[in-house]
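Structure record follows, encoded as structure tokens.
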Amino acid sequence: MLVGLTNYLPESLLSAYDVVEFVLRILVSALLGAVIGMERTHRQKEAGIRTHCMVAVASALFMILSKYAFIDVVEIGAVGGKGVDPSRIASQVVSGISFLGAGVIFKQGKATIKGLTTAAGMWATAAVGMAVGAGLYIMGLFVTLVMMITQIFLHRHPIGHDSATVQEINISMQDLPELRTAFDGLVEKHEGQIQESDIRRDNDMIHIHLAIRVDTPISHAEAVELLESHVGITRISV
């Protein structure tokens, strides 16, 4: 604890019931964010349950910080001077961290966007750091717990289309019906949903690029087996 400022720390001004109220707000925001994310993932959007849940939780924590984390400094300002704006640095963190989060989002091909959940996690981590820095330790620890549970549980037990991943496949082969049938059979075996396709013919060769959404990606071993069992296939990448 800070010596000489103990009476002005947020936890000294907030009761246990206040903390319980904050925890309830975090839980409700996490639940509502998950519900919205479930609808989005049902429509096969890139931002799913985890992303929406973390954004909702971080937003709730930012709001709590904005309303209650600076009551101690406001009281000091009332005693020591006018024009005190304790939230000026914190408000810049909220917007500034967005640029850092945008740096981890990138587009792969035309149908795949990577890094949305990571960016949301960085934004939520900024909220946790601000909470601890403001002296709201319980809120920082609790939101960290919610984030970890959300990430670990939904990563191991994905719900709906969150369990699917987008895989890009490139294959070059002779333009023969039996070869196209063999390749289509491999995609259908994994119940792949085509998100993007690019087909190009070069003399007697055909080059196919597919972006497919699958629950279980086509493995390297399956690609090698397809290549070795059909002489007309000259290249395949998964």
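Computed from the coordinates by the stated procedures, all read-outs in this text should not be read as laboratory data. The structure presented is a predicted model; accordingly, all values stated were derived computationally and were not measured. Heads up, the Cβs are rebuilt from the backbone with ideal geometry, glycines too, and the neighbour counts pull from every protein chain shown.
As a length-normalised measure over Cα pairs under 8 Å and 6 or more apart, the relative contact order of segment 158-237 settles at 44 percent. Loop-resident GluC sites (Glu not before Pro) (DSSP state other than H, G, I, E or B) in segment 131-238 with no more than 16 further Cβ atoms inside 10 Å of their Cβ: 191. Stretched out straight at 0.36 nm per residue, the stretch from residue 153 to residue 219 would grow longer than its current Cα-Cα span by 21.3 nm. Cut-off 17 Å, label point 7 angstrom out along Cα-to-Cβ of residue 182: give me the residues of segment 207-227 whose amide nitrogen falls inside. Answer for segment 207-227: 207-208, 219-227.
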